[in-house]
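I have placed the structure first, in the form of structure tokens, so that the comments after it can refer back to it.
FYI, it's all coordinate maths here, none of it is from the lab. In this text the structure is predicted, and so the values were computed from the model without any measurement. Backbone-built Cβ (ideal geometry, glycine too); neighbour counts: all protein chains shown.
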Amino acid sequence: MKNTEAQPKKVSLRLNPLSMHVNPDLFVPASEEEKQELVVIRAGTSLWKDAMRRFRKNKFAMVALALIIILILFAFVGPLLSQYDYDQFNPGQEDQAPNWTHPFGTDRFGRDLLVRNMYGARISLSIGIIAAALTLVIGSLYGSISGFVGGRTDNIMMRVIDVIYSLPDLLVVILLSATLKEPLEKMLESSVAFSGISELGPAFFSMLIVFALMYWGTMARIVRGEVLRIKEQEYVLAARALGANSGRIIRKHVLPNCIGPIIVTTTLQIPSAIFTESFLSFIGLGISAPLASLGSMVTDALQGVYSYPTRVVFPSVIIALIILAFNTVGDALRDVLDPRMKK
Amino acid sequence: MLKYGLKRIFAAILAVIILITATFFLMHMVPGSPFLSERMTEKVKANLEKKYGLDKPLTTQYLIYVENLLQGDMGTSLQKKGRSVTGIIEEKFPYSAKLGVFAILLAISVGIPLGALAAIKHEKLIDRLVMLFTTIFISVPGFVFGTLLLVIFCAILKIAPATWTDSPANYVLPVISLSFYPICYITKLTRSSMLETLGQDYIKTAHAKGLSSFAVHFKHALKNSAIPVISYVGPLTAFLITGTFAVEKLFSVPGLGRFFVDSVSNRDYPVIMGTTIFLGCIMVLMNLLVDFVYGMVDPRIKLR
């Protein structure tokens, strides 16, 4: 930053310093150049620029972000580059250890495990991202209505969340995904409208429904808290005094100020959904054959774990990497966007 | 205090009622019958449904179920014929409970000292290492960690028992994989709470009056830092119960968790409902207990 108290350099010392005689040089209008020197050089930064700058400084977060990009490429571009398909049996190539034609080996049907891992990662990532988007929409709508309306409505809406919270969530998730599977299966088979997506199987959608039903509470609570807090801020009062209507206040003051926590919560929702998906698939209630999910691949490989340990290792490590990468980025975003949330 | 306590108890009872009702109706919403897999004539099927009361209207079935439940009768298993659900829970639950209790003990006895050590050596190498490892490993799901343990110790090194013989050696790997996540979590929790405590004035006073740093750290600081850990015991119980679903399957433990998962895929209604209600009650009860203990241990926390 420039020194704003620029010294008047042109003061002539020829005069007696004690003399009351005024030096006219001091009163010459400043030149353009001198004016420029007084301007603070640093450009103003917005919240986002500042956040990005601090985010980039976090080495762990940058590595994790790179990892996420690699994993997304692995999951969505990878299968296109391979000559095998995830459900393609390759007779004569069963039970191979990792080698040059099949880098991750093959399973007992001769299916290429690299491609299956890629598909598994694709399903896990898709479920994670869609589930996070669903909780984002449901949670923030619910939370902002509750916070903005306030009063008795707010009270009742929050009690509903309390009840959902007091239920043991994974037990309910297991029950729901077990019960939703069959009705959805019928629906997908019977309706032509779903023919394009029916190959994803009923488990994929039942899991999304489960997430949409069970996991929006956290988001709703956070958004409600933010809305309540912001509503009482002085700048909102000032805006109101200046004649701004509710719409403008929501758009200009409430939303921009609670976007940070919303982004952070959404990012952290992704790994938690991926965890639940792989857990459900692992215990046999999620994605099942012929589709590949990382969790169900671990289960399938467990049968032959003593002969082919690598089959278990690849999907396990990929699950751990996905969750780790998203958690790290989420934590870094929280540090950057919402320091108050930091414990 | 009394008002708060009653409110909490009321909420807990409400949660249990909702759980029972939701479980019942969800289970009966599923199309298909539990006898679907067996080959039988329509007549035999109708008789079986009559025997188990499946032919009555749903609400009547519900009322009968709740009435029996209040008398401690959860019905009989449809798959394991003639076995009462209560009997199955009695037989299977001890294995899961043992795993859970050992896992809690391990998590607390490793997590708290490790977190305290990291806080005392704040910003030193040991703190950095502890933080690095807990941050990385907190993202590894328990069943993934268990799978890797299984691969390393059973498949490659072959030093762990491969089959279940109910020996103490059988409990080692399941307990470690169950307590793995809680260890990381408790370590982080203790560290951050201990760091906060170490900045308090009474710690300075203790140092100033010449107490040894051991006495300051362990008598004054640790005692107060361990309080947040108590609040984690509620979620921890829920975590361990669901954790057993995967871990018991992984290490072929004949516990309730594995049995529950199997009965969900077999659609054994009475077992699913009985187990859900049983496990759900444990979780709700633990949360309630934790709330009360927390209020007692730390009087600053006013029970609202």
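Only loop residues by DSSP count here, and only those with at most 16 other Cβ atoms within 10 Å; note down the trypsin sites (Lys or Arg not before Pro) in segment B:97-156 that meet that. For trypsin sites (Lys or Arg not before Pro) across segment B:97-156 that sit outside H, G, I, E and B with at most 16 neighbouring Cβ atoms in 10 Å, the list reads B:K121, B:K124. Rounded to whole numbers, the Karplus 3J(HN,Hα) couplings from phi for segment A:277-283 are 4, 5, 5, 4, 5, 5, 7 Hz, using 6.51 cos²θ - 1.76 cosθ + 1.60 with θ = phi - 60°, and x at Gly and Pro. Could you tell me which residue out of B:L240, B:L222, B:L256 lies farthest along the dipole of segment B:148-272 toward its positive end? Charges go on the beta carbon: Lys and Arg +1, Asp and Glu -1, centred on the Cα centre. The residue sitting farthest along the positive end of the dipole is B:L222. With N the number of residues in segment B:45-125, Rg(Cα) / (2.2 N^0.38 Å) evaluates to 2.02. Remark: segment B:126-179 projects, on average over all directions, an area of 4.5 nm² (convex hull of Cα atoms).
How would you rank A:I127, A:I68, going from fewest to most other Cβ atoms within 10 Å of each one's own Cβ?
A:I68, A:I127
Here A:E34 and A:N245 are evaluated by their C-beta separation; at R0 = 51 Å the FRET efficiency comes out at 0.65.
At a Förster radius of 51 Å, what calculated FRET efficiency corresponds to the Cβ-Cβ distance of B:K56 and A:L228, to the nearest 0.05?
After rounding, the FRET efficiency stands at 0.55.
Bridging of B:K56 to lysines at a Cα separation below 29 Å is possible for A:K181, A:K186, B:K43, B:K45, B:K80, B:K81, once same-chain residues fewer than 8 apart are set aside. What do you get when you divide the Cα radius of gyration of chain B by 2.2 N^0.38 Å, with N the number of residues? Taking N as the residue count of chain B, the ratio is 1.24. Taking other C-beta atoms within 10 Å as the exposure proxy, A:W48, A:W216 rank A:W48, A:W216 from fewest upward. How tilted is helix B:168-198 with respect to the longest principal axis of chain B? Cα atoms for both, answer in degrees (0 to 90, nearest 10). In chain B, helix B:168-198 runs at an angle near 40 degrees to the longest axis. Each Lys and Arg contributes +1 and each Asp and Glu -1, all at the Cβ; summed about the Cα centre of chain B, the dipole is approximately 480 debye. Only Cα pairs under 8 Å and 6+ residues apart enter the sum, and on that basis the relative contact order of chain B stands at 27 percent.
Roughly what percent of Cα-Cα pairs across the protein assembly as shown reach past 37 Å? That fraction is 47 percent. Arranged from fewest to most other beta-carbon atoms within 10 Å of their beta carbon, B:M273, B:M286 become B:M286, B:M273.
Pick from B:S139, B:S193, B:S77: which residue has the top mean-square fluctuation in a GNM of chain B where Cα pairs under 10 Å get a spring? Comparing B:S139, B:S193, B:S77 in a Gaussian network model of chain B, the most mobile one is B:S139. Spin-label model, B:F137 to B:K158: label points 7 Å out along the Cα-to-beta-carbon direction sit 2.8 nm apart.
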